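See below for the structure under consideration.
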Amino acid sequence: MTTLTKTEDAPAPTGPESFLSVRDLRVQFSTEDGIVKAVDGLSFDIERGKTLGIVGESGSGKSVTNLTILGLHNPRSTTVDGEIVLDGKELVTASDKELEKLRGNKMAMIFQDPLTALSPYYTVGRQLSEPYMKHMGASKKEAKDRAIQMLEKVGIPQPKVRFDDYPHQFSGGMRQRAMIAMALMCDPELLIADEPTTALDVTVQAQILDLLKDLQQEFGSAIIFITHDLGVIANMADDLLVMYAGRAVERGTVKEVLGTPKHPYTWGLLSSMPRLDGDIHQELTPIPGTPPSLLNPPSGCRFNPRCAYTDKVEGDLCTTARPPLADGRAAACHLTAEQKQAIFIDEIQPRLR
Ligand code: SF4
């Protein structure tokens, strides 16, 4: 059993309905230059049938977190501490064999680039049906019928004919749909979608997002949706986790976090992105500086080198003490609740109007 290392974050609440529970997750990589602290004390929960959005810049730890949940990290160079419990099963200590089985029928991932998941050497039909035979013990005919049914469900025209096509014979949008069909073949209860529509044009993107919502309703899956697109998150997710430099800095419902954000990093993200209603006159304010190196991250609050509000915090807390992330609706920042509210109303809200 993995020993839990002490975290300065309060753990997220463990509800009886929590389907996936992540507690004090720490992921570190050994590199030639030293240890990269990619995820540092992350806790969150997801219920069945709900979607958790995760946003943050590149290197914030979003994708590493999800690859670790799936057990797809490199065990030779990666150290994982903490707990990941999926429907009562501990994954950090699970064997490769157990994880492979779970990846087949309990959890699945939709990647940003379908060519990562689809082999060019095999037909789409074969790539859908073989894992189904393996994980579900189905016959060849049953697997083929299921694959055709799933291709039809994701909107591939003439699925019986397209079953025998190779991925290069599909358009980009169709390959993305085929990958979703592949991820859903075994009715996964946890679906992780990492920027699943980034490479697609807006129309196909909207179709795929609708499709994911429909399929979630049908299968009741829990979804983790990773994206940098807040418009997509507003449309897709129930809850939202904002990550910065390997830590969660804010969480709440989508409405709470996007409507009344409380963390200076979330303010920066919202001010630097086009508005959800697409107002072309909106002025964008980029966050100054760049995300820190995780080889040697800043002490205290990792956002402190880029934050415009450190002088409002008493003493040197921002550079010496990690701000804790409390339970439920919370932001990990040393500013008082009154200060956050005043800054939001006076400075941030007018920028977002
Ligand atoms: Fe900024 Fe300090 Fe709050 Fe971090 S803790 S976000 S540095 S004010």
> What residue, of 308, 342, is outside any helix (DSSP H, G or I), within 16 Å of the ligand (Cβ to nearest atom) and either closer than 30 Å to residue 31 by Cβ or not polar (S, T, N, Q) (or both)?
Replying inline: 308
> Within the stretch 242-279, how many residues turn out to be aliphatic (A, V, I, L, M), away from the ligand (no atom under 16 Å from the Cβ) and under 18 Å from the mean Cα position of the chain (by Cα)?
Replying inline: 2
>> Of all residues being within 19 Å of residue 244 (Cβ to Cβ) and in a loop (DSSP other than H, G, I, E, B) in the stretch 311-326, which is farthest from the ligand (Cβ to nearest atom)? Just the residue, please.
In response: 326
> Where in the stretch 77-145 are the helices (runs of 4 or more DSSP H), entirely inside, with at least 3 residues that are in contact with a strand residue (DSSP E or B) (Cβ under 9 Å, 6 or more places away or on another chain)?
Replying inline: 96-105
> Based on what the data block shows, is residue 259 within 28 Å of residue 18 (Cβ to Cβ) and free of Cβ contacts under 8 Å to residues at least 40 places away in the same chain?
Replying inline: yes
>> Being open to solvent by 60 Å² or more (accessible area, probe 1.4 Å), part of a helix (DSSP H, G or I) and of a type in the set (S, T, N, Q) is the filter here; which residues of the stretch 149-176 pass it?
In response: 149, 169
> Looking at (1) surrounded by fewer than 18 Cβ atoms within 10 Å (Cβ to Cβ); (2) within 10 Å of the ligand (Cβ to nearest atom), which is the one condition that is false for residue 303?
Replying inline: (1)
>> For the stretch 117-148, give me each residue that is open to solvent by less than 50 Å² (accessible area, probe 1.4 Å) and among the charged types (D, E, K, R).
In response: 146
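The values are calculated or read from the model by the stated rules, or taken from the named source; none is laboratory data. This one's a predicted model, so the numbers in the text were calculated from it and none came from an experiment. Don't worry about glycine lacking a Cβ; one is built from the backbone with ideal geometry, like all the others, and counts go over all protein chains shown. SASA here: full protein model, heavy atoms, side chains in, ligands and nucleic acids out. Shrake-Rupley method; radii C 1.70, N 1.55, O 1.52, S 1.80 Å.
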